[in-house]
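Right, one structure below, let's go through it.
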Amino acid sequence: MKRRTPVSEIMSKEVIALSRADDLERAEMLFKRHNIRHIPVVTGESIIGMLSYSDLLRISFADATNDEYNVDSVVYNMFTIEQVMTKNLINVTSETTIKEVAEILAENEFHALPVVDDSILVGIVTTTDLIKYLLKQF
């Protein structure tokens, strides 16, 4: 196992993102369509928050159906993306080592980190990315 491998080797570079103007129905549709659990919220190329599928589950019945167009619109219309997303994020750079990323994720209660270079969102790394990397090592 390489000790200094940068996170850029395992991060998702094609990031699905939301803006603060998007609504929670769109967020749920993206989660289900792309089978993902975390979506960065951006203004331009800068990240301002992170929305997780768990955030949606706390306010809705989003997992009660697999029909991506059958959502609890009344509940979603009561909240904005900004009200539901996590705002105080820890982020890493593309040069942060995979070991450092693993340490951050192990010490905290979240499962994804935005990867930011020069204030620009360049990727996202999740616990799933880490597990897949570790499995390749064996």
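The values are calculated or read from the model by the stated rules, or taken from the named source; none is laboratory data. Computed from a prediction, not measured in an experiment: that's the story for all the values here. Please note: Cβ atoms are built from the backbone with ideal geometry, for glycine as well, and neighbour counts cover all protein chains shown.
See the values below:
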{"item": "Selection status of residue 16, of a type outside the set (S, T, N, Q), touching a Leu at 6+ places or on another chain (Cβ under 9 Å), modelled with pLDDT of 90 or more and part of a strand (DSSP E or B)", "result": "no"}
{"item": "Candidates 68, 100, 28, 82 - the one that is at negative phi, modelled with pLDDT of 95 or more, of a type in the set (D, E, K, R) and surrounded by 13 or more Cβ atoms within 10 Å (Cβ to Cβ)", "result": "100"}
{"item": "Condition met for residue 55 (surrounded by 13 or more Cβ atoms within 10 Å (Cβ to Cβ), charged (D, E, K, R) and either in contact with a Leu (Cβ under 7 Å, 6 or more places away or on another chain) or modelled with pLDDT under 95 (or both))", "result": "yes"}
{"item": "Considering residues of region 31-52 that are part of a helix (DSSP H, G or I) and loosely packed, with under 13 Cβ neighbours inside 10 Å only, the residue farthest from the chain's Cα centre (by Cα)", "result": "33"}
{"item": "Subset of region 22-57 that is without any contact (Cβ under 8 Å) to a residue 24 or more places away in the chain and not hydroxyl-bearing (Ser, Thr, Tyr) - its residue that is nearest to residue 112 (Cα to Cα)", "result": "39"}
{"item": "Scan of region 110-134 for residues that are buried (at least 19 other Cβ atoms within 10 Å of the Cβ), assigned to a strand (DSSP E or B) and in contact with a helix residue (DSSP H, G or I) (Cβ under 9 Å, 6 or more places away or on another chain), ordered by number", "result": "112, 113, 115, 123, 125, 126"}
